[in-house]
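Single-structure report; data block below.
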Amino acid sequence: MVSEGIIHLTTVYSTALLSAVLPHISDYAEKLNLPIEHPIAMEQVASFSTYSQGRAKITVTLTNQYSFTWSSTHDNCGVIEDFFTPRNYFFIQEIEDMPLYFGTNTMTTNEIVTFARETVQKLGYSKAVIDPDIPPKLVGPTLLDTGEMIPQANVSWNFSNDPEQNSEISLFIDTEKKALKGLIIVPTIGVRPHIGTPLQLAVKPDAEKYFLQRTQGSLTNQATSKTEKWMQITPTYSNALLKLILPRISDFAEKVELNVETPIRIDQVKHFRADPLPGKYGGTVDLKNGARFVFDPDGFVGTYSKPGFYTDWDYHKSPSYYRGKPGKSEMNTNEILSFTQNVFSKLGYPTDVTRSDSVPTLEGPLDDPNSGVRIPYCLFSWSSEDSGKIYSQMEVDVQEKELTGFWLNSSREGRNKIGVPLKMEIPLESLFVHITPTYSNALLKAVLPHISDFAQKLDLPLDQSLTEKQVLSFRPSQIRDEVAGSIELTNHFWFEFDKAGYVSSFRSPDNYFFAENSNEKYPPSRSMSFVPSKDLFAKNAKIRQFAGKTRMTTNSIISLATETLKKLGFESLISTNCTPTLEGPYTLPGEIHLPYCRVAWEPEKSTDADHGNALHVEINTRERKVIGFYLQLSDENEEKMASPLKIDLEPEGLPNYLKRAKNRDTPATPLIWNR
């Protein structure tokens with residue numbers, strides 16, 4: 001499942017991000033009196049790299065080798081989360097470099113701490129970030145046994161027992177020159193609003209999920225969460241399976257003496273997810289008390305967990321969230337090991353399945369080095385000496401002396417030894433079908449006239465009546481009763497025909513918004529790094545082939561996009577009060593102009609809808625022509641406008657086909673058929 005939070009990175013978006021971030025870096029450098037000419041211009045940037053998974057992040061390195069990392073904090077805000085000078089003692093890689101930092105310390109401990117506090121105050125951070133009453137942790141300056149002094153200090157704060165308000169800030173100081181060498185701030189959810197500053201970014205990036213759907217049709221015509229991805233799991237089937245699984249889970253809980261009321265009843269279950277494969281009678285059971293059991297289709301509890309440390313680690317939570325009692329743990333290593341062996345003994349699993357007769361590795365209990373908080377959890381792992389494969393693991397709360405996690409990763413032979421598969425009488429209906437050339441051709445013949453009609457309405461340079469000979473590849477829908485799929489023609493025009501009965505996406509081969517993908521086929525990289533020089537863009541063939549002049553005004557661009565919707569019959573989907581957003585044309589460093597733009601209508605969705613209408617028209621403003629189109633209907637409009645196609649051919653269900661193929665001992669035909 002592709003996350004909405006992952007951004008599809010392009011040169012345009014990365015460059016726009018750099019241009020928007022530079023003023024923030026200039027302001028940051030000015031406040032800290034760094035020896036940098038400001039405002040910082042593009043010519044001062046030696047290189048920059050972008051990364052986006054969840055939150056956008058950009059690292060900028062200047063020509064003087066000072067580096068800054070800007071990261072988004074919330075909404076449209078961000079913060080410089082770290083800054084470093086070219087040389088920092090606390091990050092040296094080679095011991096031979098230590099003499100480079102020898103010198104004379106000229107600051108007292110109080111002066112170092114005061115310098116750090118004043119530095120943070122210059123940035124304007126509120127008390128929510130650094131409380132003056134909380135003493136920091138100080139490392140350095142360091143006097144070596146040889147008598148040499150390293151006048152470098154690290155001052156850091158990691159405070160607040162409330163995980164929602166916790167933050168960490170660390171400063172690196174040259175105590176000989178009384179100069180700042182680096183600064184790191186790690187704000188968590190509660191602190192971000194106090195330090196984030198708005199970012200003015202003209203370019204709206206595509207989410208990777210949207211990019212894949214718009215350019216590949218990889219989501220529209222596949223089974224969705226509404227169909228449980230693989231199979232149609234009815235309430236009757238799910239409830240029947242849950243009733244069979246609960247006694248097995250109860251038996252497991254009783255054997256290892258979990259703090260769970262047994263026998264476990266349906267009213268104790270918060271959520272149940274059945275395995276969506278025919279003949280695989282397993283699933284995940286979440287109880288209302290926070291316990292989770294994963295019942296393996298081979299007939300045993302393969303995983304148990306409850307909120308702990310190793311089972312529930314979240315970067316939003318500080319170590320203090322898991323704090324235990326001060327002092328020593330309630331159990332020593334031998335007692336913990338004896339506890340785990342007792343669990344294995346009660347379960348009765350053979351040692352060749354669990355590897356419990358080998359010496360395990362141990363992690364924890366831990367003491368957080370910054371706060372001194374005890375984290376009263378440990379993790380035992382039993383693995384193969386030859387391969388290093390982990391066969392079983394247990395997490396133990398050594399304060400409460402209870403099992404908080406159990407994992408079993410056995411071989412097929414081992415699973416057969418400990419499991420007794422369940423038996424179900426209720427069938428599981430497959431939504432997938434076996435795609436044969438005959439069935440695929442039937443779908444293609446039903447779809448082609450509608451694509452021809454779409455192309456004629458937009459005056460695309462295609463034959464009036466498309467034939468199979470013009471089809472380079474066809475990716476049919478694999479779902480029962482859906483006449484849908486994506487088509488690429490021999491001239492590389494691409495269309496997606498939606499299961500609701502209309503062309504939902506189109507692109508021409510000269511569509512810049514798709515061609516900038518790293519390899520024009522697979523998902524893009526989530527990071528991008530380059531030097532923003534004229535030479536780079538001049539030598540980049542992928543960018544150069546799209547360079548040119550814009551020959552349209554803003555009004556004429558929007559007018560062409562609106563006229564396109566009229567021709568396609570979708571004008572009623574846009575409200576007269578809804579102003580479209582316009583992205584592009586773009587100008588990159590080196591005065592490289594890209595005459596491509598996207599006109600987008602994305603009205604506010606209703607509170608009870610998954611999404612609103614989304615209509616995008618992409619235009620080459622140099623040629624004054626439409627090069628791409630994308631439509632996603634709201635749930636309400638999809639129901640009103642849907643007119644799905646039907647074909648007379650009934651495909652074979654996938655489970656039956658796989659069963660026959662297995663009996664014949666022959667491989668299954670691929671589900672995607674290319675002509």
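The values are calculated or read from the model by the stated rules, or taken from the named source; none is laboratory data. Just so we're clear, the structure is a prediction, and the values are computed from it rather than from any experiment. Cβ coordinates were reconstructed from backbone atoms using ideal geometry, including for glycine residues, and neighbour counts include every protein chain displayed.
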* **Unmet requirement for VAL483, which otherwise passes all of (1) assigned to a helix (DSSP H, G or I); (2) in contact with a Ser or Thr (Cβ under 8 Å, 6 or more places away or on another chain)** => (1)
* To do: Count, please, the residues in the range 91-116 that happen to be surrounded by fewer than 16 Cβ atoms within 10 Å (Cβ to Cβ) and modelled with pLDDT of 85 or more.
  => 8
* Hey, does the range 659-669 have a residue that's among the small types (Gly, Ala, Ser) and modelled with pLDDT under 85? -> yes
* To do: Can you run down the residue pairs with Cβ atoms below 9 Å, 6 or more apart or on separate chains, where the first is in the range 473-492 and closer than 16 Å to LEU460 by Cβ and the partner is at pLDDT below 85 and surrounded by fewer than 20 Cβ atoms within 10 Å (Cβ to Cβ)?
  => none
* Structure fact -> Cβ pairs under 8 Å, 6+ apart or interchain, first in the range 609-637 and over 17 Å from PHE506 (Cβ atoms), second of a type in the set (A, V, I, L, M) and modelled with pLDDT of 90 or more, ordered by first then second residue, are THR621/MET552; THR621/ILE557; ARG624/MET552; ARG624/LEU560
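Any idea which residue in the range 586-609 is modelled with the lowest pLDDT, counting only those that are over 23 Å from ASN637 (Cβ atoms) and either basic (Lys, Arg) or over 29 Å from the mean Cα position of the chain (by Cα) (or both)?
Step one: list which residues in the range 586-609 are over 23 Å from ASN637 (Cβ atoms), which gives 586-597.
Adding the requirement that they be either basic (Lys, Arg) or over 29 Å from the mean Cα position of the chain (by Cα) (or both) leaves 587, 589-595.
Working: THR587: 79, PRO589: 68, GLY590: 65, GLU591: 71, ILE592: 76, HIS593: 82, LEU594: 84, PRO595: 90.
Ranking the qualifying residues of the range 586-609, first place goes to GLY590.
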* **Residue list for the range 442-469, filter: assigned to a loop (DSSP other than H, G, I, E, B) and either among the β-branched types (Val, Ile, Thr) or farther than 19 Å from PRO509 by Cα (or both)** => SER465, THR467
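Quick check on my filter: what residues within the range 383-399 are surrounded by fewer than 19 Cβ atoms within 10 Å (Cβ to Cβ) and either within 17 Å of GLY282 (Cα to Cα) or in contact (Cβ under 8 Å) with a residue 24 or more places away in the chain (or both)?
Our first condition is that a residue be surrounded by fewer than 19 Cβ atoms within 10 Å (Cβ to Cβ); within the range 383-399, this holds for 383-390, 399.
Selection gives SER383, SER384, GLU385, GLN399.
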* Asked: Scanning the range 318-357 for residues that are over 19 Å from LEU403 (Cβ atoms), more than 38 Å from the chain's Cα centre (by Cα) and not charged (D, E, K, R), which turns out modelled with the highest pLDDT?
  -> PRO350
* Inside the range 249-274, can you point out the residues that are among the polar types (S, T, N, Q) and over 17 Å from GLU402 (Cβ atoms)? -> SER250, GLN268
* Check off (1) modelled with pLDDT of 90 or more; (2) basic (Lys, Arg); (3) surrounded by fewer than 16 Cβ atoms within 10 Å (Cβ to Cβ) for LYS229 and give me the number that stays unchecked. => (1)
* Asked: Among the numbered criteria (1) buried (at least 20 other Cβ atoms within 10 Å of the Cβ); (2) touching a Lys or Arg at 6+ places or on another chain (Cβ under 9 Å); (3) more than 29 Å from THR562 (Cα to Cα), which single criterion is violated by ASP481?
  -> (1)
* Asked: So, in the range 341-354, of the ones that are in contact (Cβ under 8 Å) with a residue 60 or more places away in the chain and in a helix (DSSP H, G or I), which residue ends up nearest to LEU258 (Cα to Cα)?
  -> VAL343
* Asked: Of all the residues that make up the range 59-89, how many are exposed (fewer than 15 other Cβ atoms within 10 Å of the Cβ) and modelled with pLDDT under 80?
  -> 4
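Check LEU403, LEU444, LEU408, LEU448 and return the single one that is under 30 Å from GLN470 (Cα atoms), within 35 Å of the chain's Cα centre (by Cα), buried (at least 19 other Cβ atoms within 10 Å of the Cβ) and of a type outside the set (Gly, Ala, Ser).
Numbers: LEU403 fails: under 30 Å from GLN470 (Cα atoms); LEU408 fails: under 30 Å from GLN470 (Cα atoms); LEU448 fails: within 35 Å of the chain's Cα centre (by Cα).
Exactly one of LEU403, LEU444, LEU408, LEU448 is under 30 Å from GLN470 (Cα atoms), within 35 Å of the chain's Cα centre (by Cα), buried (at least 19 other Cβ atoms within 10 Å of the Cβ) and of a type outside the set (Gly, Ala, Ser), namely LEU444.
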* To do: Of all residues in the range 454-507, count the ones that are small (Gly, Ala, Ser), over 24 Å from ASN620 (Cβ atoms) and out of contact with any helix residue (DSSP H, G or I) (no Cβ under 9 Å at 6 or more places or on another chain).
  => 1
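Among the residues of the range 560-573, is there at least one that is more than 30 Å from PHE454 (Cβ to Cβ), at pLDDT 70 or above and in a loop (DSSP other than H, G, I, E, B)? Working first, answer last.
Quick first cut of the range 560-573, residues more than 30 Å from PHE454 (Cβ to Cβ) only: none.
No, every residue in the range 560-573 fails to be more than 30 Å from PHE454 (Cβ to Cβ), at pLDDT 70 or above and in a loop (DSSP other than H, G, I, E, B).
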* Restricting the search to the range 241-256, which residues are charged (D, E, K, R), without any contact (Cβ under 8 Å) to a residue 40 or more places away in the chain and under 16 Å from LEU347 (Cβ atoms)? -> ASP251, GLU254
* Asked: When you go through TYR304, TYR281, TYR310 one by one, which is the residue that is in contact with a helix residue (DSSP H, G or I) (Cβ under 9 Å, 6 or more places away or on another chain), modelled with pLDDT under 90 and not basic (Lys, Arg)?
  -> TYR281
